[in-house]
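Take a look at the structure below.
The values are calculated or read from the model by the stated rules, or taken from the named source; none is laboratory data. It should be emphasised that the depicted structure is a prediction, and the values quoted were computed from it without experimental measurement. A quick note on method: Cβ atoms are made from the backbone with ideal geometry, for glycine too, and the neighbour counts reach across all protein chains shown.
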Amino acid sequence: MRKYLVVYEKTKTGYSAYAPDLPGVIATGKTKLIAEKNIFDALQFHLGGLKEEHFAIPKAYAESEMFVFTL
């Protein structure tokens, strides 16, 4: 089992999502929920293709942390 960080960004038209450890795996959606489903599907497709072609599955290195500031 592998865990990959997924980053969501609000855009003018909805949301975008990407996994820093898997370059090129991106998704969008009009809502965050749709973007979540789309990135999950994109990750499954990408990792399934790597496995099917007998390529190495990339290790996950990205981490995140939230900082809170009172301004």
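Could you list all residues from the range 45-65 that are over 16 Å from residue 23 (Cα atoms) and of a type in the set (Ser, Thr, Tyr)?
Result: 64, single match.
For residue 15, are the conditions met, namely being at pLDDT 95 or above and in contact with a strand residue (DSSP E or B) (Cβ under 7 Å, 6 or more places away or on another chain)?
yes
Suppose we filter the range 30-68 for residues that are among the basic types (Lys, Arg) and either in contact with a strand residue (DSSP E or B) (Cβ under 6 Å, 6 or more places away or on another chain) or more than 19 Å from residue 11 (Cβ to Cβ) (or both); how many remain?
Of the residues in the range 30-68, 3 are among the basic types (Lys, Arg) and either in contact with a strand residue (DSSP E or B) (Cβ under 6 Å, 6 or more places away or on another chain) or more than 19 Å from residue 11 (Cβ to Cβ) (or both).
Pick out the one residue from 34, 39 that is within 19 Å of residue 3 (Cβ to Cβ) and β-branched (Val, Ile, Thr).
It is 39.
Name the residue that is nearest to residue 2 (Cα to Cα), counting only residues in the range 62-71 that are surrounded by fewer than 10 Cβ atoms within 10 Å (Cβ to Cβ) and in contact with a Leu (Cβ under 9 Å, 6 or more places away or on another chain). I'd like the intermediate steps shown before the answer.
Here is the first cut: in the range 62-71, the ones surrounded by fewer than 10 Cβ atoms within 10 Å (Cβ to Cβ) are 63-71.
If we keep only those that are in contact with a Leu (Cβ under 9 Å, 6 or more places away or on another chain) too, we end up with 63-64.
Working: 63: 13, 64: 16 Å.
This residue is 63.
Any idea which of 39, 57, 34 is β-branched (Val, Ile, Thr), surrounded by 10 or more Cβ atoms within 10 Å (Cβ to Cβ), in a helix (DSSP H, G or I) and touching a residue at least 24 places away in the same chain (Cβ under 8 Å)?
Details: 57 fails: in a helix (DSSP H, G or I); 34 fails: touching a residue at least 24 places away in the same chain (Cβ under 8 Å).
After applying the criteria, what remains is 39.
Out of the residues in the range 1-20 that are assigned to a loop (DSSP other than H, G, I, E, B) and surrounded by 16 or more Cβ atoms within 10 Å (Cβ to Cβ), state the one that is farthest from the chain's Cα centre (by Cα).
Residue satisfying both the conditions and the ranking: 4.
Tell me which residues, restricted to the range 21-31, are in a strand (DSSP E or B) and of a type in the set (Val, Ile, Thr).
26, 28
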